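Each remark here refers to the structure printed beneath this line.
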Amino acid sequence: MANFGTVGVDWQQRVNWDRLRTYRLERARERMKAHNLGALLLMYDENVRYVTSTLTPGWNRLKPGLRYALLCGDGAPVLFEQGDIGFQIQRHAPWIPQENIRYSYAWIKGAAGPASRQQVKKFTDAIMKEMRRYDVADKTLGVDFIDINMLNQFNESKITWADGMTAMMEARAIKNVDEQECLRIVGAIGDAAHWETMRFLKPGLTENQVTAHIMQYLYAIPGVEDVEDVIVSSGPNTWPNWRNFSDRIIKPGEIVFMDLAALTWNGYKSCYYRTYCVGKQPTQEMKDYYATALTWLYDSIHAVRPGATTRDIALKWPSAQEAWGYAEEDQAAANLWGHGLGLAQYDPPVISRIWSLDHPLEIRPGMVFALETQHGKRYEWGVRIEEMLIVHDDRTEIISNFPVEQITVVM
């Protein structure tokens, strides 16, 4: 579509949210059945949203079990919402039958202490009740999260359970036209945020001041519901890339890079690096290192096509030994990197020389992922760049469009 409109209108086809919700639910159901699972118990935020199209508030994230969803056979999803928030779900989410909205039984990763066993018993009983209602109680339950309390209770209740995360990862890997449009909008917001970074950057600012400014800028955009991180690193903080920000003062002539690490628009996430030089022109050595990183990046992008594999992409990058003298690839984890984008920042495929050479995955139309490369001189400066892309049958569409051909100079 590539219309980039962020609100609904009657005069133009934009994101079709009903079609998106239906696609995600049925895609999850299809992969559930392909793995011979009778039901999926989903506790991670991205999986709950994928199946129910409901929002996990910020305070609720990364706490599996405060809210969760169950998908049984051919039935509608059942949402177990935290406390009485379910009344708001009934009001806002008519695509979930009202009788399928429950309250959750939480033990908060064990913070409930001795009461955890009581709570997980109620949790398990409620899951079994729904599986019986949908006539799948004798089938395998797929789970995306498990802890010691669940393990003990599932064993006691004689529940047959198995990996459900693989099914969900397979479902989330392929985006339909509406998800692709969401991610184009994410890319366009990222373009604007990098332009704002270029406008705002100057010597004397601290890394955290730049981060704060871009956070404020992003949260003012309609549909932006979360910004997981804005990484701003300068000078010696850029290599090795510590992927953080601090109160360090940015000096003239220093390299700065900014990464939009999961700005989130209607659930869909970014990852989008660009490199800047502030107050002076970069040195020739900086330009040379950047040119090397850019070659690594675009060599890997040119390897992306349906039917190729993650191995084909990873082979375009040098080994950790060749690039930096490291003994093992794991020491260069995420230096030369690719990862899927969607409702999570790490959808399949995840591409690295650590595993892609020996465990390749096929590239398929509808995949959306980022490729990123970096290079630098230890404790002096480094460069990092990243592109986000959509795989089509006949082409690779780049959805990150801030200039990348050279270091962006901010004077």
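The values are calculated or read from the model by the stated rules, or taken from the named source; none is laboratory data. From a predicted model like this one, the values you see are computed outputs, not experimental measurements. Cβ coordinates were reconstructed from backbone atoms using ideal geometry, including for glycine residues, and neighbour counts include every protein chain displayed. When the accessible area is computed, the model is the full protein with side chains, heavy atoms only, and any ligands, DNA or RNA have been set aside. Shrake-Rupley method; radii C 1.70, N 1.55, O 1.52, S 1.80 Å.
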Any pair with Cβ under 8 angstrom, 6 or more apart, that starts in the stretch 63-80 at a residue that is part of a strand (DSSP E or B) and ends at one that is surrounded by fewer than 24 Cβ atoms within 10 Å (Cβ to Cβ) and among the aromatic types (F, W, Y): C72/Y134; F80/Y103; F80/Y105
Any hit, the stretch 11-32, residues being buried (at least 19 other Cβ atoms within 10 Å of the Cβ), outside any helix (DSSP H, G or I) and touching a strand residue (DSSP E or B) at 6+ places or on another chain (Cβ under 8 Å): no
Residue match in the stretch 388-399 (condition: without any contact (Cβ under 8 Å) to a residue 40 or more places away in the chain, among the acidic types (D, E) and farther than 19 Å from D299 by Cβ): yes
Test: residue in the stretch 325-333 that is among the acidic types (D, E), buried (at least 16 other Cβ atoms within 10 Å of the Cβ) and closer than 25 Å to A2 by Cβ: no
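Out of the strands (runs of 3 or more DSSP E) lying entirely within the stretch 323-411, which hold 1 or more residues that are under 21 Å from T166 (Cβ atoms)?
Passing ranges, in order: 337-340, 347-351, 368-377, 381-391.
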N241, sole failed condition from (1) more than 30 Å from A320 (Cβ to Cβ); (2) touching a Gly at 6+ places or on another chain (Cβ under 9 Å): (1)
Single unsatisfied condition, I221 versus (1) touching a Ser or Thr at 6+ places or on another chain (Cβ under 6 Å); (2) modelled with pLDDT of 95 or more; (3) of a type outside the set (K, R): (1)
Which listed residue, of H375, H302, is under 19 Å from L260 (Cα atoms) and open to solvent by 10 Å² or more (accessible area, probe 1.4 Å): H375
Residue in the stretch 246-256 that is over 18 Å from A293 (Cα atoms), open to solvent by less than 50 Å² (accessible area, probe 1.4 Å) and of a type in the set (S, T, N, Q) present: yes
Residue that is over 28 Å from P236 (Cα atoms) and basic (K, R), where the choices are R353, R364, R384: R364
Scan of the stretch 349-372 for residues that are buried (at least 21 other Cβ atoms within 10 Å of the Cβ) and either within 17 Å of the chain's Cα centre (by Cα) or among the basic types (K, R) (or both), ordered by number: P349, I351, S352, R353, M367, V368, F369, A370, L371, E372
Inter-residue pairs, beta-carbon under 7 Å, first closer than 16 Å to M367 by Cα and at pLDDT below 95 and in the stretch 304-316, second of a type in the set (S, T, N, Q) and in a strand (DSSP E or B), 6+ apart: none
Residues located in the stretch 257-284, provided they are surrounded by fewer than 14 Cβ atoms within 10 Å (Cβ to Cβ) and touching a residue at least 40 places away in the same chain (Cβ under 8 Å): Q281
Sole exception among (1) in a helix (DSSP H, G or I); (2) modelled with pLDDT under 95 for V7, by number: (1)
Residues that are open to solvent by less than 60 Å² (accessible area, probe 1.4 Å) and either part of a helix (DSSP H, G or I) or of a type in the set (K, R) (or both), drawn from the stretch 82-103: G83, I85, G86, I89, Q90, N100
Test result for T197, touching a residue at least 60 places away in the same chain (Cβ under 8 Å), under 25 Å from N47 (Cβ atoms) and β-branched (V, I, T): no
Spans of strands (runs of 3 or more DSSP E) in the stretch 219-300 with at least 2 residues within 22 Å of A344 (Cβ to Cβ) and aliphatic (A, V, I, L, M): 224-234, 254-265
Matching residues in the stretch 286-300 - criterion: being in contact with a strand residue (DSSP E or B) (Cβ under 6 Å, 6 or more places away or on another chain) and closer than 21 Å to L389 by Cα: Y290, T292, A293, W296, L297, S300
Residue list for the stretch 48-60, filter: free of Cβ contacts under 8 Å to residues at least 40 places away in the same chain and over 15 Å from Y103 (Cβ atoms): V51, T56, P57, W59
